[in-house]
Amino acid sequence: MKSLFLFVLLVTSFNGLFGRSLHHADKRQVDECAALNPTPEECSTYWGGEKPPLLVVSLDGFRFDYLQRTVNISGVEEPASPLINRLSRCGVFSPTGMIPVFPSLTFPNHYSIVTGLYPESHGIVGNSFYDPDLNASFSLSSSQQTNPVWWIGDPLWYDVKRQGKISATCFWPGSDQTDPIREPNYWLKYDGSVPYTERMQQVFEWITLPISQRPNFITVYLDEPDHTGHGESPDSPLVADQIRSVEHELQILFDKLEGAGILGCVELIVLADHGMAPSPPGEIFLIMDDYVPDILNDARIYGGVFPTIRPKLDTEEEHGRIAEGLQCKDQNMRVYNKWDLPRRHHYANSNRIPNILFDMTVSWRAYSKSEWILPGNHGWDNLTSDMNAMFVAQGPSFKKKIEVRPFHNIDLALYITCCHHPLTEPEPEPVTPVSNLQFPEDETTYNTHLQRQKCDLLTGSNNLATDSTLNITESSSNEALKLHTPWGAAQTGSNQNIKAVINNDYVAAFDVVSGLPSWTSYTLKQPRLANFQPQWRLDVRLEPSYASICDRFPSGIDSTWSVVPLFPFGQFPSLSCSFSRD
């Protein structure tokens, strides 16, 4: 099903590696948070014993650090977003933001948030793209947008609906596709002219419906501050003014909830789909025709911050001719075959993704013929900090006054599905899960005298001195994770069976069903040590039932299995944590 890693830390009952608060509120914060945290009895009475609804509010293009913006009111600088800042202090907050999927565009990210799928899997690979199998184009302004053939995968509102619960969406991308089976119970066809006040009023009316009609899951989309960021640049003071305006609409909703006596009784997530970076008009852009003069006639081109090219003549020679004409022409424009794009982008396995892709330096763009004038933009590498999106959460089931590290937005769908209500019963899907790992408790004292079954595959012996090096501190564990898994943990088809152990030099994972190593992740820092051979032994941190691999090997293993290190064993002098030099 969908995936979960860092987001599990939001569940009150989770006490794992990342579940600890990174800051503690002072006494001045107590009063401002009190109204947001009513007693369980108060909330339960209103909801008739049912779980409270989850409301997800999307503020398009709200970069993570916009919360620091201020506006001048009567000569005094005040926060542009006092309400969201209050939520960030009282609930769950990611100070450096939520990481979007690649490309960091509006439609791909909104649909990833509600499906838990990468764009290559859910089909919305851009705001505009062409499907050669359908011989049709998708764009934000096209009537094709509502054709269900474009929208692959099951969004949360469909999961909720098909299991007998109620869902509602107000203008969320993908919610107005025309398949009556997969549409939410309540939905509105997108109309950008509908004032935000009316959207908030609609949300309030849904929340206060009779219990038998009330939605369990609600989403609402607001297109600011994205439009202002595009039109004025993210550095413009007008962005702060627009944030203040959006905040006013949110405050109206909060006032209504307070008037109904349920402020704090609604599970609330306020987030964005992506951030924004400056793209100065008339500067730092490239024209593809300067390098391949006939390119517009010979290919279907989508230019901008993340250009793609699909040659009309679909031959290897034509792809090579166009790509070679553009390669190495400017250090700010890197041209890839999609299968050579960094795998962390998960952006290749779809016919809707053209073979020729560009990776542009942030703020740079590439066009055919002429520039598109947009002082602010997004769509660049999703690990660029300016692309990070704002995220805060507040409600009865969320932890209180806690800051969390950045996490990928595709993890939201599984959190909502499995940990919030659960809203739905998960079903297997053909997707790549992310990091659903069981990390050991912090500062655990390991029983170094456990007797393990051994066989000829194990050539080294366990001893107290060697095994004691595995007791690394929490801070060391955190540093090791940041160093050795910078893009998140590796992905497998059965992450529910994976147990990860953290070492100073690397992170290793084991399949607890087969008893075999699954993957190892590490960052190289020192020259290789020569003439060092590994000694294979068992890791005492794993339960005997996990690591007793010999009795579970099938017959004939010697001819069908090989033992090879997943870590360059000659790399570090401190490899005693895994290998012995006996």
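The values are calculated or read from the model by the stated rules, or taken from the named source; none is laboratory data. It should be emphasised that the depicted structure is a prediction, and the values quoted were computed from it without experimental measurement. No Cβ is skipped: glycine too gets one built from the backbone with ideal geometry, and neighbour counts run over all protein chains shown.
I'm told THR424 meets every condition in (1) modelled with pLDDT of 50 or more; (2) under 20 Å from LEU55 (Cα atoms); (3) of a type outside the set (D, E, K, R) except one. Can you identify the failing condition by its number?
(1)
Can you name every residue in region 49-72 that is more than 26 Å from ARG199 (Cα to Cα) and either at pLDDT below 90 or not assigned by TED's automatic domain parsing to the domain that holds PHE204 (or both)?
GLY49, the sole residue that qualifies.
Hey, can you tell me all the residues within region 317-345 that are over 30 Å from ILE410 (Cβ atoms) and part of a strand (DSSP E or B)?
Hit for region 317-345 is ASP330, nothing else.
Looking for something within 18 Å of GLY395 (Cα to Cα), in the same structural domain as GLN394 (by TED's automatic domain parsing), modelled with pLDDT under 80 and not in a helix (DSSP H, G or I) - is there at least one such residue anywhere in region 25-32?
yes
Looking at region 214-227, is at least one residue among the hydroxyl-bearing types (Ser, Thr, Tyr) and either farther than 18 Å from VAL114 by Cβ or more than 24 Å from the chain's Cα centre (by Cα) (or both)?
No, there is no match, as no residue in region 214-227 is among the hydroxyl-bearing types (Ser, Thr, Tyr) and either farther than 18 Å from VAL114 by Cβ or more than 24 Å from the chain's Cα centre (by Cα) (or both).
Of the residues PRO215, PRO234, PRO210, which is more than 30 Å from GLY304 (Cα to Cα), outside any helix (DSSP H, G or I) and in contact (Cβ under 8 Å) with a residue 40 or more places away in the chain?
That would be PRO215, the only listed residue that is more than 30 Å from GLY304 (Cα to Cα), outside any helix (DSSP H, G or I) and in contact (Cβ under 8 Å) with a residue 40 or more places away in the chain.
Return the residues of region 231-262 that are farther than 27 Å from PRO108 by Cβ and surrounded by fewer than 18 Cβ atoms within 10 Å (Cβ to Cβ); say none if nothing qualifies.
PRO237, ASP241, HIS248, GLN251, ILE252, ASP255, GLU258, GLY259, ALA260, GLY261
Residues TRP172, TRP157, TRP150: which one is under 24 Å from the mean Cα position of the chain (by Cα), aromatic (Phe, Trp, Tyr) and under 18 Å from VAL125 (Cβ atoms)?
TRP150
For region 159-170, how many residues are buried (at least 22 other Cβ atoms within 10 Å of the Cβ), of a type outside the set (Gly, Ala, Ser) and modelled with pLDDT of 95 or more?
2
Yes/no matrix, rows are residues, columns are (1) more than 30 Å from TYR46 (Cα to Cα); (2) more than 26 Å from the chain's Cα centre (by Cα); (3) at pLDDT below 95; (4) not assigned by TED's automatic domain parsing to the domain that holds PRO311:
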{"residue": "ASP241", "(1), (2), (3), (4)": "yes, yes, no, yes"}
{"residue": "VAL246", "(1), (2), (3), (4)": "no, no, no, yes"}
{"residue": "GLU249", "(1), (2), (3), (4)": "no, yes, no, yes"}
{"residue": "GLU258", "(1), (2), (3), (4)": "no, yes, yes, yes"}
{"residue": "GLY264", "(1), (2), (3), (4)": "no, no, yes, yes"}
{"residue": "ASP273", "(1), (2), (3), (4)": "yes, no, no, yes"}
{"residue": "ILE295", "(1), (2), (3), (4)": "yes, yes, yes, no"}
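Listed here are the residues, each with its yes/no results for (1) assigned by TED's automatic domain parsing to the domain that holds ALA272; (2) among the polar types (S, T, N, Q); (3) on the phi < 0 side of the Ramachandran plot.
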residue: PHE306; (1), (2), (3): no, no, yes
residue: GLY320; (1), (2), (3): no, no, yes
residue: TRP339; (1), (2), (3): no, no, yes
residue: ASN351; (1), (2), (3): no, yes, yes
residue: ALA389; (1), (2), (3): yes, no, yes
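Only residues in region 139-151 that are more than 17 Å from TRP172 (Cβ to Cβ) count as the first member; pair them with residues that are in a helix (DSSP H, G or I), Cβ under 9 angstrom, at least 6 apart or cross-chain, and list the lot.
Hits for this filter: SER139/GLN145; GLN144/TRP150.
Mind listing whichever residues of region 296-316 are of a type outside the set (Gly, Ala, Ser), in a loop (DSSP other than H, G, I, E, B) and in contact with a Phe, Trp or Tyr (Cβ under 9 Å, 6 or more places away or on another chain)?
The answer is VAL305, PHE306, PRO307.
Tally up the residues in region 44-88 that are crowded, with 21+ Cβ neighbours inside 10 Å and farther than 22 Å from ASP273 by Cβ, please.
1
Looking only at region 298-326, count every residue that is of a type in the set (S, T, N, Q), surrounded by 13 or more Cβ atoms within 10 Å (Cβ to Cβ) and without any contact (Cβ under 8 Å) to a residue 60 or more places away in the chain and tell me the total.
0
Pairs only if they're at least six apart or on different chains, beta carbon under 7 angstrom, first in region 32-52 and farther than 13 Å from LYS400 by Cβ, second surrounded by 13 or more Cβ atoms within 10 Å (Cβ to Cβ) and at pLDDT below 80; list them, first residue then second.
That search, which allows pairs on different chains as well, returns LYS51/HIS421.
Quick check, is GLY192 outside any strand (DSSP E or B), of a type in the set (Gly, Ala, Ser) and buried (at least 17 other Cβ atoms within 10 Å of the Cβ)?
Working: outside any strand (DSSP E or B): yes; of a type in the set (Gly, Ala, Ser): yes; buried (at least 17 other Cβ atoms within 10 Å of the Cβ): no.
So GLY192 does not fit the description; no.
For GLY97, only one of the following conditions fails: (1) in the same structural domain as LEU59 (by TED's automatic domain parsing); (2) surrounded by fewer than 17 Cβ atoms within 10 Å (Cβ to Cβ). What is its number?
For GLY97, the exception is condition (2).
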